[in-house]
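This report concerns only the one structure given below.
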Amino acid sequence: MSGCCSQSARPLLWKTLFRVIAFSVLAASGGLIFAAVEHPNAVNNLKRKEELLVSLREDMAKKYNMSQDDFDNFIEITDDAFNMAGPSWSYFQSVRFAFETLTTIGKPNLECFTKKKMLFNAPGDHGRP
């Protein structure tokens, strides 16, 4: 970095580099924590789904004399229709979510530009929806 900038700009460059690295570490650790928190929830939902399917299979076998093949076909069609699997949060999706959350906090404060908009906000609200 000897020829790229002046002596007075170097502290600013190091400060900026530090902030970018700190922000990246914060987003990565936030994503890791979010993924860890959501993972047990996904496992519990999967167990609950299996319990419900067993119960439904037993009820439909009694009421409609449905075979296992008919039931499996029914479940496959309804799973496609309703997407029973739900969202799954990978580490990278969690980091993306953390990054988006960190970079959009405070944005709504910039929305009140007119007095008319300010009238509809509570005092101290500063334009938050």
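Table for the structure above
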{"item": "Residue match in region 21-42 (condition: modelled with pLDDT under 85 and loosely packed, with under 10 Cβ neighbours inside 10 Å)", "result": "yes"}
{"item": "Residue count, region 68-83 (criterion: surrounded by fewer than 11 Cβ atoms within 10 Å (Cβ to Cβ) and either farther than 25 Å from ASN44 by Cα or modelled with pLDDT of 80 or more (or both))", "result": "4"}
{"item": "Subset of region 84-103 that is farther than 19 Å from VAL25 by Cβ and not small (Gly, Ala, Ser) - its residue that is modelled with the lowest pLDDT", "result": "MET84"}
{"item": "Flag for ALA61 being part of a helix (DSSP H, G or I), touching a Phe, Trp or Tyr at 6+ places or on another chain (Cβ under 9 Å) and free of Cβ contacts under 8 Å to residues at least 12 places away in the same chain", "result": "yes"}
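The values are calculated or read from the model by the stated rules, or taken from the named source; none is laboratory data. Given the structure is predicted, the values throughout are model-derived calculations rather than measurements. Heads up, the Cβs are rebuilt from the backbone with ideal geometry, glycines too, and the neighbour counts pull from every protein chain shown.
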